[in-house]
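**Student:** Quick one: this structure, given as structure tokens, is what I'll be asking you about.
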Amino acid sequence: PGRTMESSQYTLDAKLDIPYEGFGGSHHFVVGGQAIRGELEDGVFGMENGGHGNGTVQEHRMWSVFAEDNWSPVDALTVTLGLRHDRHNLFGGHLSPRAYAIYDLAGGWTLKGGVSTGYKTPQTTDLYDGITGFGGQGTSPWAGNPDLEPETSVNSEIALYWTSTEGHNFNITA
């Protein structure tokens, strides 16, 4: 039997870079957004009830906006501050901030560090309550889970880099 499987995703990305001198140093502002519209129709959706698949369509709509400033109050220091807002039709909204700094020390040494957050929603097929496909050459069904929630993370880093005038380098990161 034929299997209906149609997937479409439309993504619109926009970003604007704005360099600016003044207001306490050099700035590089970045603002932007993204809109995603996705649909998945798969003939195996609904087979968990013993049917032949009912062609259920899973839809996702998500949009986001973000802003970032790379600020250099002095030549040796760059501080990056950013904020992203995501809005998903199933999960609502989420803010993801980040802060990072790079300081060029003398003699080829650079100190870097910061904290960032992450956010990722489940894929369309991950959320369907039932069989979403097959693996193992058609012998192992994959099942979705409608109780899945978005993943969030908090990441931090501090690192010391050294680059010699001959091009050799070394770094240590924690």
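The values are calculated or read from the model by the stated rules, or taken from the named source; none is laboratory data. On a predicted model such as this, the values are computed, not experimentally measured, just so you know. Every residue, glycine as well, gets a Cβ built from its backbone with ideal geometry; the counts of neighbours run over all protein chains shown. When the accessible area is computed, the model is the full protein with side chains, heavy atoms only, and any ligands, DNA or RNA have been set aside. Shrake-Rupley method; radii C 1.70, N 1.55, O 1.52, S 1.80 Å.
**Student:** Given labels modelled 7 Å from the Cα in the Cβ direction, how far is it in nm from residue 101 to residue 169?
**Tutor:** Once both label points are built, they end up 2.2 nm from each other.
**Student:** Now for a separate question. Let me spell out the model: positive unit charges on the Cβ of Lys and Arg, negative unit charges on the Cβ of Asp and Glu, origin at the Cα centre of the chain. What dipole size does that give, in debye rounded to 20?
**Tutor:** Approximately 100 debye in magnitude.
**Student:** Still on this structure: Karplus couplings for region 140-147 from phi (6.51 cos²θ - 1.76 cosθ + 1.60, θ = phi - 60°), rounded to Hz, Gly and Pro as x?
**Tutor:** With the stated coefficients, region 140-147 comes to 10, x, 9, 10, x, 9, x, 8 Hz.
**Student:** Can you give the local net charge around residue 28? Use residues other than it whose beta-carbon is closer than 13 angstrom to its beta-carbon, Lys and Arg +1, Asp and Glu -1.
**Tutor:** That sum, taken over residues with Cβ under 13 Å, equals -3.
**Student:** Note the per residue figure in Å³ for the convex hull of the C-alpha positions in the chain.
**Tutor:** Spelled out: Cα convex hull of the chain, divided by residues, is 178 Å³.
**Student:** Rounded to the nearest whole Å², what accessible area per residue is found for region 18-174 with the 1.4 Å probe?
**Tutor:** 61 Å²
**Student:** Which semi-axis lengths, in whole Å and largest first, follow from the square roots of five times the eigenvalues of the Cα gyration tensor of region 58-125?
**Tutor:** One finds semi-axes of 35, 12, 7 Å for region 58-125.
**Student:** Also, I was wondering about something else. For residue 134, enumerate residues with amide H under 5 Å from its amide H, sequence gap 5+ or separate chain, H modeled in the peptide plane.
**Tutor:** Close amide H contacts, sequence-distant or interchain: 142.
**Student:** Sorting check: for 69-80, 15-26, 117-128, which peptide has the highest mean count of neighbouring beta carbons within 10 Å, and how do the rest follow? Let's see the in-between values first.
**Tutor:** Details: 69-80: 15.1, 15-26: 10.5, 117-128: 17.2.
For the peptides 69-80, 15-26, 117-128, the packing ranking is 117-128, 69-80, 15-26.
**Student:** Roll a 1.4 angstrom probe over the protein heavy atoms and tell me the percent of accessible area of the chain that is carbon or sulfur.
**Tutor:** Whole-percent figure for carbon plus sulfur exposure: 56.
**Student:** Quick check: Cα centre of region 8-41 to Cα centre of region 86-103, how many Å?
**Tutor:** 13 Å
**Student:** Now for a different question. Considering region 122-174, what Rg and Dmax in Å follow from its alpha-carbon atoms?
**Tutor:** Computed over the Cα atoms of region 122-174, radius of gyration and Dmax are 22.2, 60 Å.
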